[in-house]
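Visitor: My structure is below; once you've seen it, I'll send some questions.
The values are calculated or read from the model by the stated rules, or taken from the named source; none is laboratory data. If you're wondering where the values come from, they're calculated on a predicted model, not measured in any experiment. All Cβ positions, glycine included, derive from the backbone under ideal geometry; neighbour counts span all protein chains shown.
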Amino acid sequence: MSDAPVLAQELCDTIIDFLWDDHDTLNSVSRTCSSFTFRAQGHLFREVGISHFAYGIVQARRLVDTIKGSPHLIPLVQHLSFRFSNSAVFDLLASSGISWCNVNRLSLAPIEAAGNAGGFATQSLESIKTLVALPSLRRVRLDFKPFPSHFRRDIYAIFSCLNPGVRILELRSLQLRAWPSNPGYQLLAPISREHPLPPHGLPTVPRLDTLRLISTDGDFLCEPACPLDISALHEVEGFGWENSLLFATAVSGTVRKWTFDNLHRLRNEEILHLIPNITEIDFTALSISSLNLERAMDHLTPAHRIAKIGITMFSSSFSIGSPRTFRESWKGCVATMVEKNPSLQELSLKVLLPHYGQRGAVKEEVEAAFPDMCQGILKLTFVEERHYKFTVG
């Protein structure tokens, strides 16, 4: 019997957990000792999917064969991610017979139609509907190709099959366009006024809490034919959009947090007038300036009761002009924020750094820029750019 000291399994598990994003090391650890295998596999298979468009079907077959050959891995999979896939991949995954019993997050991209004149291929449409109906889903991302307007029935059919437990839905690049397609074709804006569809007649599912619209016109969500329930939305993130005034009006009574990505868009300024019940605003333009923020504050009305303002920006924003100019401009900006929002309880500033070593210099500049009135309100955090998950792009 060996007298060599042995680490407790709990401590080994904790060490392995620190390696959660280092797949090469986790792969080695899983082969080192049988007592390490399950913990390492829990991280290795938490997110599985396809990451190569040209060889997607090959990767999909390999994934299905691996899971079927080791069924104990099925409960470990929590996120199915297909960011560079096609209909053949969706068809294979949907027909694989794998239960995916613990998948709570699904990402499908790109979702594209089979032809210009028709709709989705029947098999592909059914495969997508099968995947979005997985029983444990709570978060879904659907990344679409631009569609002609008559594809809306197929898209709404996908929405109607979403698991009712889904609470967070992200729609990317869903811009329904007029037909025929040519370099000059225009968005149908708003679709609900120009080409309404009749009510869908299906149960409305699911009741969403958070909706992320990335390069997506949200007005189509107000159509009677759209089965999504947006009556209880609490949070909206809008990136790269402009034609969503009907949508903003429809959800103004329930939404409490709204995230903007571009402060100079006229539509964003109009939206601020339409959502008086929000209590939290996030600005994530990244290259944001104090001047743009002050202009945004001008569009707040006395009805607004903003308790929290969040700003995400690159550290390069602090190197524009002289330090004195920077400090004076931000002092005025923060003073305007506080003056316009007497209910303000927190001003959260997240600064993205190329290297964490810059933290000290940037922190000094930021603290010098904010006036004394923000003591107790300002919350300053630093994140390396490589660890920040960009929403746009």
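Visitor: Take the residues of the range 251-284 that are over 21 Å from residue 305 (Cβ atoms) and not in a loop (DSSP other than H, G, I, E, B): which is modelled with the lowest pLDDT?
Guide: 266
Visitor: State which residue is modelled with the highest pLDDT when the search covers only the range 82-113 and only residues that are of a type in the set (S, T, N, Q) and within 18 Å of residue 159 (Cα to Cα).
Guide: Top of the filtered list is 104.
Visitor: Within the range 25-71, how many residues are farther than 22 Å from residue 94 by Cβ and either more than 26 Å from the chain's Cα centre (by Cα) or not hydrophobic (A, V, I, L, M, F, W, C) (or both)?
Guide: Within the range 25-71, residues that are farther than 22 Å from residue 94 by Cβ and either more than 26 Å from the chain's Cα centre (by Cα) or not hydrophobic (A, V, I, L, M, F, W, C) (or both) number 19.
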